[in-house]
Amino acid sequence: MNPLAAELNELLEKNNPYVLAMLSDLGRNLFFPKGILSQSAEAKEKAHKFNATIGTATENGGPMFLQCIQDKLSAFNPADIYPYAPPAGKPELRQLWRDKMLRENPAQQGKHFSLPIVTNALTHGLSIIADMFVDEGDHLVLPDMMWGNYNLTFATRRKAIMRKYNTFNADGGFDVAAFKDCLQQTAAEKGKAVVILNFPNNPSGYTPTVAEGDALIAAIKEQAEAGCNIVVVTDDAYFGLFYEDSLQESLFSKLANLHPRVFSIKLDGATKEEFVWGFRTGFITFADGNSQQNEAVLTAIEKKALGIIRGTISNCPHPSQTFVIEALKSEEFVAQKQQKFDVMKGRALKVKEILNDSRFADSWSYYPFNSGYFMCLKLKRVEAEALRVHLLDKYGVGTISIGKTDLRIAFSCIAEEDIAELFSLIHQAESDLA
């Protein structure tokens, strides 16, 4: 083991040995090297004559660039686009995102958590978590209505065992009892669990109520008190798109500093929150389980996360970070974001209005949804994949089939005035097959 990794592990052992026990074998061996980057950082401060440390090209006192590219980006300083960004991301962006997080999650005020680290959007953050905390045979606790990419990230890449629980109960609410049973079984079998809480949920479009959220937190704390080490990940990809009665904050706010055996990780990003999917700008934020500030634990985990970033993608794109900084600092940001929220909410409510038409009753019911980008039909007479293919081939309508009965509809990309026609076509295709 590299001495730097051993040093970080000693910090964890001294300050919270439960977190050390949560790490995968790879996680325990991770470190951030004291190599070119640290030497370059030192040179940036002290090399007043010449700085010949880092592999970029310079010209006329700034980064070298092609004018044909800069002509398209003339509003931006070349220094804010072309050089490498720091492995943890631009410091200004990290602070701005932290400030935004606190504004939008008041319950997070007074909690101890790390400065967000920039990731190449949410999937990259999930990959970091998988590598740091999941070994072969570890159990991942998540609902049966889940984003399919979790399979690749955790099961295929890291050979985790996917422990799924029922998403909704008979009353149409989140099945907290099923979650609690699944977590309890995992705790009994492994003594360690990795929990993913994805709200608003993909594919269902559901966010729990405040009472359901509190019950989820209580179930996690109960198992921690019983001796289970729990890594809890809030996948907040669609954060803020809450249209009806639900939680309005991330559960990370209540998970942070909950219990020494609970290590909380928040994944979020500009990707979907700010409608910049192609920018690939996300964040990963850590919170130790101790109620008192424990910088040593967060420092060790951050350095291990930076080690895996350095060892895989080196750093995240600089231009995207600059663009997001400019957006967050804009006086028009809040108003423009509210306008887009109103459009999305209008689409969601229109879907609900259309689906309550009795003419669809023989064809499907629908799962509860109150947020996010998606909703799911539960088909009664035909299989979802057959309907998906028929819709595509005969009517030119694209949907996503999930299992035998569920058809996912992304209302996020359908204009409100087109929603009635969309479901009429789905109904006609279903009737063809039925």
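What follows is calculated from the coordinates using simple rules that are stated; it is not laboratory data. Given the structure is predicted, the values throughout are model-derived calculations rather than measurements. Counting neighbours? That spans all protein chains shown, and the Cβs are built from the backbone with ideal geometry, glycine included.
Quick notes on this structure:
- Fully extended contour minus Cα-Cα distance, from N151 to S424, at 0.36 nm per residue: 95.0 nm
- With contacts taken as Cα pairs under 8 Å at a separation of at least 6 residues, the range 245-300 carries a relative contact order of 35 percent.
- Spacing of the modelled spin labels on N51 and N356, each 7 Å from Cα toward Cβ, amounts to 6.1 nm.
- Computed 3J(HN,Hα) for the range 294-311, one whole-Hz value per residue from the Karplus formula 6.51 cos²θ - 1.76 cosθ + 1.60 where θ = phi - 60°, is 9, 5, 4, 5, 5, 4, 5, 5, 4, 5, 5, 5, 5, x, 6, 5, 4, x, glycine and proline marked x.
- Working value for the range 76-185: equivalent-ellipsoid semi-axes of 34, 20, 13 Å, each the square root of 5 times a Cα gyration tensor eigenvalue, largest first.
- Stokes-Einstein D for the range 1-99, Kirkwood Rh over Cα pairs, 37 °C, 0.692 mPa s (µm²/s): 192 µm²/s
- Filtered chymotrypsin sites (Phe, Trp or Tyr not before Pro), the range 72-159: DSSP coil and at most 16 other beta carbons within 10 Å: F76, Y84
- Across the range 216-260, the volume of the C-alpha convex hull divided among the residues equals 67 Å³ per residue.
- For the range 58-143, applying the loop criterion from DSSP together with a ceiling of 13 other beta carbons within 10 Å to the GluC sites (Glu not before Pro) yields E136.
- Taking each residue as 0.36 nm, the span from T312 to R381 lengthens on full extension beyond its C-alpha to C-alpha distance by 20.1 nm.
- Measuring max minus min along each principal axis, the C-alpha atoms of the chain give extents of 77, 59, 37 Å (largest first).
- For the chain, the Cβ-based charge dipole about the Cα centre amounts to some 940 debye (Lys, Arg positive; Asp, Glu negative; other atoms uncharged).
- Stokes-Einstein, applied to the Kirkwood radius of the range 340-382 over Cα pairs at a viscosity of 1.567 mPa s and 4 °C, places its translational diffusion at 115 µm² s⁻¹.
- Computed FRET value (nearest 0.05) for L433 with D171, which takes r as the C-beta separation and R₀ as 35 Å: 0.70
- Ordering G269, N315, F279 by the projection of their Cα atoms onto the charge dipole of the chain, which places +1 on the Cβ of Lys and Arg and -1 on the Cβ of Asp and Glu, puts N315 at the extreme positive end.
- Considering only alpha-carbon pairs that sit under 8 angstrom and 6 or more positions apart, the relative contact order computed for the chain is 18 percent.
- Under the criterion of Cα pairs below 8 Å and six or more residues apart, the relative contact order for the range 334-433 equals 30 percent.
- DSSP beta bridges in the chain [antiparallel fraction, %, rounded to 5]: 55 percent
- Under Karplus coefficients 6.51, -1.76 and 1.60, residue-wise ³J(HN,Hα) of the range 125-131 in Hz, glycine/proline x: x, 4, 5, 4, 4, 4, 5
- C-alpha center-to-center spacing [the range 379-409, the range 127-151] in angstrom: 27 Å
- Its residue count N sets the reference 2.2 N^0.38 Å, and the alpha-carbon radius of gyration of the range 334-433 equals 1.08 times that reference.
- Amide H contacts under 5 Å for V195, placed H, 5+ residues apart: V141, V231, V232, V233
- Taking other Cβ atoms within 10 Å as a rough exposure proxy, T53, T156, T123, T234 sort from fewest to most as T156, T53, T123, T234.
- Once divided by 2.2 N^0.38 Å, the Cα radius of gyration of the range 283-393 becomes 1.73.
- Here is how the number arises for the chain: DSSP H runs of 4 or more residues each give -39500 (n - 2.57), the sum is divided by the residue count, and the result at 222 nm is -12500 deg cm²/dmol.
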